[in-house]
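Enquirer: The structure follows.
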Amino acid sequence: LLGISYGSLLAQHVMRDYPEIVRAAVIDSVLPLDQTFFVGSTDTSFNAIERLLAACTADSACNVAYPDLTTTLRETVARYNENPVEITITDPLTNISYPSLLTGDAVLSTIIYYLYLTPAIPTIPQNISEIAAGNTATAEALLSQFLAALHALERGMQYSVQCQEDLILTSEADLQARYEALPPEYRGRVPIEFLLENSIFDLCAQFPVT
């Protein structure tokens, strides 16, 4: 039995409910049964970024090449959220180009995406440094690859399934507490009040599947 990401959740259900049919199991990138993805990912993604930054600081070569990377990233995110830059991104699967904006939120989303790609993780400090220095070509290349990830998810399927199971025993108060605990640079361009008025709880209310 092999379960990856959301599949790890399914694998755990099978191992719990039907242990007699499982001889061996591998679960990768585990989503624990007692955690919520929709609410939990509000800050777990940023915790992963902070761990990466701390690892760079602890590595002498990385720290010399990219000193004080945490401050660099936070200042870069704040700057691009305050003054987005026009860029062009190209979907690598369709080769269609789109005008876009390089925002601080886009920088963070891209870093989170590349944390999923183990071979790319060592390049992230350099990418942060280049984007901080105003290298929009690097940002365009990274964001273009990020577009490919959008083809990998079927949102209707995701919400139909996860809205029925992921938010059990959680509330908008839990979501708000996680937002408010984030550093200001990681909260995004959209005010928390607006996010809470249009939260995953509201979205899931619009998916009335049984």
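The values are calculated or read from the model by the stated rules, or taken from the named source; none is laboratory data. What you are looking at is a predicted structure, and each value in this text was computed from that prediction instead of being measured. Neighbour counts are summed over all protein chains in view; Cβ atoms, including those assigned to glycine, are modelled from backbone coordinates with ideal geometry. Please note that ligands, DNA and RNA were not included when accessible areas were found on the heavy atoms of the full protein model with its side chains. Shrake-Rupley method; radii C 1.70, N 1.55, O 1.52, S 1.80 Å.
Enquirer: Within the stretch 81-108, restricting attention to residues that are of a type outside the set (Val, Ile, Thr), open to solvent by 70 Å² or more (accessible area, probe 1.4 Å) and more than 20 Å from the chain's Cα centre (by Cα), which residue is nearest to Val190 (Cα to Cα)?
Expert: My answer is Glu82.
Enquirer: Can you tell me which of (1) hydrophobic (A, V, I, L, M, F, W, C); (2) over 30 Å from Pro67 (Cβ atoms); (3) open to solvent by less than 30 Å² (accessible area, probe 1.4 Å) is the one Phe201 doesn't meet?
Expert: (3)
Enquirer: Output the qualifying pairs, or none if there are none: Cβ atoms under 6 angstrom, residues six or more apart or on different chains, first residue in the stretch 9-38 and touching a residue at least 40 places away in the same chain (Cβ under 8 Å), second residue polar (S, T, N, Q) and surrounded by 15 or more Cβ atoms within 10 Å (Cβ to Cβ).
Expert: Going by the 6 Å Cβ cut-off, the qualifying pairs are Thr36/Thr170.
Enquirer: Quick one: would you say Phe207 is of a type in the set (Phe, Trp, Tyr) and in a loop (DSSP other than H, G, I, E, B)?
Expert: Yes: the conditions hold for Phe207.
Enquirer: Right, something else. Would you point out which residue out of Ala78, Ala148, Ala120 is under 17 Å from the mean Cα position of the chain (by Cα), under 30 Å from Ala55 (Cβ atoms) and touching a residue at least 40 places away in the same chain (Cβ under 8 Å)?
Expert: Ala148
Enquirer: Between residues in the stretch 154-168 that are within 18 Å of Ser8 (Cβ to Cβ) and residues that are part of a loop (DSSP other than H, G, I, E, B), which pairs lie under 6 Å by C-beta distance while being six or more apart or on different chains?
Expert: From residues that are within 18 Å of Ser8 (Cβ to Cβ), the pairs are Asp166/Thr36.
Enquirer: I've got another one for you. So Leu182 fits all but one of (1) open to solvent by 50 Å² or more (accessible area, probe 1.4 Å); (2) of a type outside the set (Lys, Arg); (3) within 29 Å of Asp68 (Cβ to Cβ); what number is the exception?
Expert: (1)
Enquirer: Criterion first (assigned to a helix (DSSP H, G or I), open to solvent by 40 Å² or more (accessible area, probe 1.4 Å), at pLDDT 95 or above and touching a Ser or Thr at 6+ places or on another chain (Cβ under 7 Å)) does Glu75 satisfy it?
Expert: no
Enquirer: So, one more: Hey, can you tell me all the residues within the stretch 109-119 that are loosely packed, with under 14 Cβ neighbours inside 10 Å and closer than 14 Å to Phe146 by Cα?
Expert: Tyr116, Leu117
Enquirer: Among the numbered conditions (1) out of contact with any His (no Cβ under 7 Å at 6 or more places or on another chain); (2) surrounded by fewer than 17 Cβ atoms within 10 Å (Cβ to Cβ), tell me where Ile124 comes up short.
Expert: (2)
Residues checked against (1) open to solvent by less than 50 Å² (accessible area, probe 1.4 Å); (2) touching a Gly at 6+ places or on another chain (Cβ under 8 Å); (3) small (Gly, Ala, Ser):
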position	(1), (2), (3)
Asp34	no, no, no
Ile49	yes, no, no
Ala65	no, no, yes
Asp68	no, no, no
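Enquirer: How many of the residues making up the stretch 78-105 are over 20 Å from Gly134 (Cβ atoms) and assigned to a loop (DSSP other than H, G, I, E, B)?
Expert: 6
Enquirer: What are the pairs with Cβ atoms under 7 angstrom where one residue, in the stretch 189-210, is in contact (Cβ under 8 Å) with a residue 60 or more places away in the chain and within 25 Å of Asn81 (Cβ to Cβ) and the other, located anywhere, is of a type in the set (D, E, K, R) and open to solvent by less than 60 Å² (accessible area, probe 1.4 Å)? Sequence gap at least six, or different chains.
Expert: Qualifying pairs under 7 Å: Arg189/Asp105.
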